[in-house]
Amino acid sequence: MLVIIIFSGSIQRKSYAQSKKDTVYYLLDTLRTPIADRMIIVESDGANKFYTTNCPCLAHNRSPLFRCHVPNQTYIDQVAFNKLKFVHLAQLIELAKQNNDYHFDDRHIVYFVVPSGKKYIMSKANYEKAPDPSDDRVIIQTDTSKQKKP
């Protein structure tokens with residue numbers, strides 16, 4: 001009996017957490033944006049694409065970074081595209097600033113939408129929280145004043 005109560009409670013918490021996720025769509029149109037005005041750097045590494053905002057606005061001068069798994073991207077047509085409500089870059093950056101932790105993806109779902117001919121590529125992104133810099137390094141300085149001069 002106790003197992004059933006615990007199990008049903010965990011299902012309720014899981015469904016509650018899933019229903020509370022905020023979905024965000026960002027239109028990334030690099031073809032129409034001049035290179036000098038691009039605020040997102042796109043890099044590829046195997047099956048992943050990385051989208052880094054050119055804004056060192058997080059702690060330790062870090063920039064928000066999102067990762068998309070390319071095989072999971074989908075194509076949408078103009079009708080589906082018109083139904084999406086997009087955020088501006090400033091809103092995406094603010095979302096990263098306010099939620100800069102390892103639980104970002106538990107609270108938000110981010111999609112990057114990129115034009116591709118007459119259709120659009122939609123990719124679900126994961127937020128990549130950079131680890132905080134470590135302070136366990138040791139700096140050893142040598143006293144050069146006592147060294148013999150040649």
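Before moving on, here are some points about what is shown:
- With K and R counted +1 and D and E -1, the other residues having a Cβ less than 13 Å from that of Met122 yield a net charge of +3.
- Our coupling estimate for region 97-104, obtained by passing each phi through the Karplus curve with A = 6.51, B = -1.76, C = 1.60 and θ = phi - 60°, is 5, 6, 10, 6, 8, 6, 10, 3 Hz, Gly and Pro reported as x.
- By the rule of a C-alpha distance below 12 Å, with chain neighbours fewer than 8 residues away ignored, the aspartates and glutamates paired with Lys129 are Asp101, Asp105.
- Computed on region 20-132, with alpha-carbon pairs under 8 angstrom and 6+ residues apart, the relative contact order is 36 percent.
- Our Cα-only numbers for region 20-132 put the radius of gyration and Dmax at 13.8, 42 Å.
Computed from the coordinates by the stated procedures, all read-outs in this text should not be read as laboratory data. Predicted model, so just to flag it, every value in this text is computed and none were measured. Because the Cβ atoms are built from the backbone with ideal geometry, glycine has one as well, and the counts that use them run over all protein chains shown.
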